[in-house]
Structures are given as structure tokens and as C-alpha cells.
């Protein structure tokens, strides 16, 4: 079980690193997902930076549990963004079915860091 949790943590860290870097390489991909009441460039840079820092934190043993907690919180923060997008007539990425699937995936991404954080 401990190995499974470590592997989940590493996978989450890699996903966050890739996503965080993508925020800087292809910011236009993320802009449609960012609510209009937020400054898109600032929100994109902030989210990408946080994702990179949390991804790195998982690989530092003394920060691992804190980084996984941070990922858990970040995924909760992102959930309303996915819900708002799914409720739009034309979701930012794909169809309504894709948007609602992203919500389901987001729920899994909320659970996994919490699960991985509970190492024995």
C-alpha cells in the first residue's frame, strides 16, 4: 500500500509539472478555462507556478506531505472552474460530455493526493 501511495504521488507530481510548464508554453490553451472575473494572464501564470512548485515539492521528502496537501487544495479550487465551464452553452474544451467527464476526473484528482498523503 505504501508503494502504491508513493507511485500515485509521483504520477500526480509529474502531471502537475507537465501542466504547470504548459501554462507558460501554451497559455492560450488555459485562457478559455479561466473565469472572466479573473485577470487571465496573472491567473494563468500563478496557477502554472503553483503547479510546478507543488510538483517539485512531492519529490522533496520533507515537503512531500505538504505538497500533496497543496495539490489536494488546488484541485478543490479548480473544481468550480470545471463546473462553470460544463454549465456554459459551449464549454472551453470539447463538448458538454467532455466537460462533465473533466468534472469526474477532477473529483479523482481531489481524492488521489489526499489518499497518497496518508503514508504509514
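Descriptive notes on the structure:
- Helix 2-25 axis, angle to the chain major axis (alpha carbon atoms, nearest 10°): 40 degrees
- Shape category assigned to the stretch 38-120 from the gyration tensor of Cα positions, a/c cut at 1.5: oblate
- Summary value for the stretch 2-117: 31 percent relative contact order, contacts being C-alpha pairs under 8 angstrom separated by 6+ residues.
- Tilt relative to the chain, helix 96-117 - C-alpha long axis, 0 to 90 degrees, to 10: 20 degrees
- Placing pseudo-labels 7 Å out from each Cα toward the beta carbon at residue 10 and residue 118 gives an inter-label distance of 2.2 nm.
- Residue order for 111, 30, fewest other beta carbons within 10 angstrom first, comes to 111, 30.
- Extension gain (nm, one decimal) between residue 93 and residue 45, 0.36 nm per residue minus Cα-Cα: 15.3 nm
- The angle between the Cα long axis of helix 64-87 and the main principal axis of the chain comes to about 20°, on a 0 to 90 degree scale.
No value in this document is a laboratory result; all are computed from the given coordinates. Owing to the predicted nature of the structure, the values given are computational and were not obtained by experimental measurement. Neighbour counts are summed over all protein chains in view; Cβ atoms, including those assigned to glycine, are modelled from backbone coordinates with ideal geometry.
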